[in-house]
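Report on one structure; see the data block that follows.
The values are calculated or read from the model by the stated rules, or taken from the named source; none is laboratory data. Keep in mind the model is a prediction, meaning the values are calculated, not measured. Don't worry about glycine lacking a Cβ; one is built from the backbone with ideal geometry, like all the others, and counts go over all protein chains shown. What goes into the accessible areas is simple: the full protein's heavy atoms, side chains included, and nothing from ligands, DNA or RNA. Shrake-Rupley method; radii C 1.70, N 1.55, O 1.52, S 1.80 Å.
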Amino acid sequence: MGATEGLPVRPEYRALTLMNLGIAEVWAGCLEDARQHLEDALSRTPQISRPFIEVGCLAHLALLAVLTGQPLTLALEQSERALAIAEEHGWTGQSLTTGAFATAVTALVRRGRFGEAERHLARVEDSLRMASDPGTEVVLRHAHGMLRFGEGQFDEALTEFGRAQSLGRLLSSEHVFAIEARGRAIQVQVRMGATDAARDALAAAGPDQRERAGTRLARAALELDWDNMQQAVEALAPVIEGSAPALHERTARVEALVLDATARDRLGDRRAAEESLEAALELAEPEGLLLPFMLWPSRELLERHPRHRTAHAALIATILDTLAGRAAPQRDPAVPLLDPLSEAELRVVGYLPSNLTASEIASELIVSTNTVRTHMRHIYAKLDAHSRSEAVARARELGLVAPGTLRG
């Protein structure tokens with residue numbers, strides 16, 4: 001028997017090894033193995049009191065949720081749990097939090113919660129100054145690009161997608177978010193009117209890239225710009241059917257259905273346009289997806305959509321409110337708070353526009369009901385509000401909650 005054979009392994013070493021193995025498997029594309037090893041490592045953390053392992057596991061499980069099309073609520077819950085633990089230990093400026101920030105921004109942007117995503121991006125700058133791995137930074141740059149795309153800041157979006165692609169080239173194998181950034185960059189070029197550049201980029205795309213959902217969406221948008229409605233419909237069909245490879249199939253299908261509704265409306269087929277838009281709303285509502293309706297012109301279609309024939313009137317109202325908030329002229333800035341809200345209080349503020357009770361918010365945040373009630377008292381005092389509705393109104397004035405934002 002060798003000198004070390006059969007010797008016990010300390011529990012924290014086993015958990016750390018499982019976490020590192022799971023992280024390596026995420027980037028190698030072995031997603032089911034990664035989930036198994038990360039969940040195994042996470043299950044060991046209560047016994048070993050190694051919170052940095054818990055942060056790493058939760059951050060990468062959240063990323064797995066995005067990569068495998070699991071509910072955005074799961075990705076957001078796991079990334080926010082990781083950040084809460086990191087904050088408790090003063091680690092939010094460390095590189096181990098970059099993945100949690102990146103995944104949280106990704107989920108928040110898809111739900112149209114741009115103000116919260118912006119605050120996360122502001123906080124992640126410190127961790128990027130540390131030794132952050134390029135694979136995680138690709139995810140972050142892609143998320144940043146999606147935020148700017150959704151805001152209509154096309155030049156900045158193009159810059160961030162370019163950074164994601166450049167970082168991707170540093171890696172030994174193709175990074176799925178870098179691949180996605182290529183298609184998104186072409187979409188931005190179409191939206192900003194750089195149609196010649198978009199056409200050239202589409203022509204230069206390889207066969208696999210051309211079949212991806214992001215590239216098909218860009219091609220359809222370009223055909224719409226050129227008034228080739230039928231070609232746009234044909235380009236979108238595989239995305240709508242779910243046969244085109246996509247980073248997040250549900251989001252891609254909703255985007256495709258919005259563009260398909262536009263094409264069919266311009267073809268004069270109003271009923272088919274309504275059916276495509278209703279299908280987009282049907283897919284979007286369970287996940288609270290607002291982003292697809294913000295990336296592509298949808299306001300007129302939504303305003304005309306017959307309320308007596310839709311099951312999604314509340315979602316339509318939320319989307320239109322959010323679009324109106326984005327397009328509203330800049331007002332004089334609200335007077336800043338003398339006593340700013342803490343990060344924990346900001347997380348609670350995000351739930352105030354919903355109908356969730358304090359105990360339900362506590363369940364979402366994985367804290368006690370008393371903790372939530374304490375935060376709410378502090379929030380009311382700092383916002384000089386006497387009711388929940390007043391607190392929400394004041395939070396919106398300060399940009400802490402987006403117009404029309406609904407949580408849950």
Quiz item: Looking at segment 27-37, is at least one residue aliphatic (A, V, I, L, M), modelled with pLDDT of 90 or more and open to solvent by 50 Å² or more (accessible area, probe 1.4 Å)?
Solution: no
Practice problem: Looking only at segment 219-233, decide whether some residue is of a type outside the set (A, V, I, L, M), within 26 Å of Ala102 (Cα to Cα) and open to solvent by 50 Å² or more (accessible area, probe 1.4 Å). | Solution: no
Quiz item: Taking the stated definitions as given, is Ala284 in contact with a helix residue (DSSP H, G or I) (Cβ under 9 Å, 6 or more places away or on another chain), touching a residue at least 12 places away in the same chain (Cβ under 8 Å) and closer than 27 Å to Ala194 by Cα?
Solution: no
Self-check item: Of residues in segment 295-319 being buried (at least 17 other Cβ atoms within 10 Å of the Cβ) and among the hydrophobic types (A, V, I, L, M, F, W, C), the one nearest to Arg110 (Cα to Cα)
Solution: Leu295
Quiz item: Tell me, which helices (runs of 4 or more DSSP H) wholly within segment 354-408 include 1 or more residues that are farther than 27 Å from Ile319 by Cβ and at pLDDT 85 or above?
Solution: 358-365, 369-383
Quiz item: Has segment 246-264 got any residue that is open to solvent by less than 60 Å² (accessible area, probe 1.4 Å), outside any helix (DSSP H, G or I) and at pLDDT 95 or above?
Solution: no
Practice problem: Restrict the check to segment 172-189 and report whether at least one residue is open to solvent by 50 Å² or more (accessible area, probe 1.4 Å) and more than 20 Å from Ala246 (Cα to Cα). | Solution: yes
Quiz item: Only one of these conditions is not met by Pro292: (1) open to solvent by 50 Å² or more (accessible area, probe 1.4 Å); (2) modelled with pLDDT of 90 or more; (3) under 20 Å from the mean Cα position of the chain (by Cα). Which number is it?
Solution: (1)
Quiz prompt | Residue satisfying condition, being touching a residue at least 60 places away in the same chain (Cβ under 8 Å) and of a type in the set (Lys, Arg), within set Arg388, Arg347 | solution = Arg347
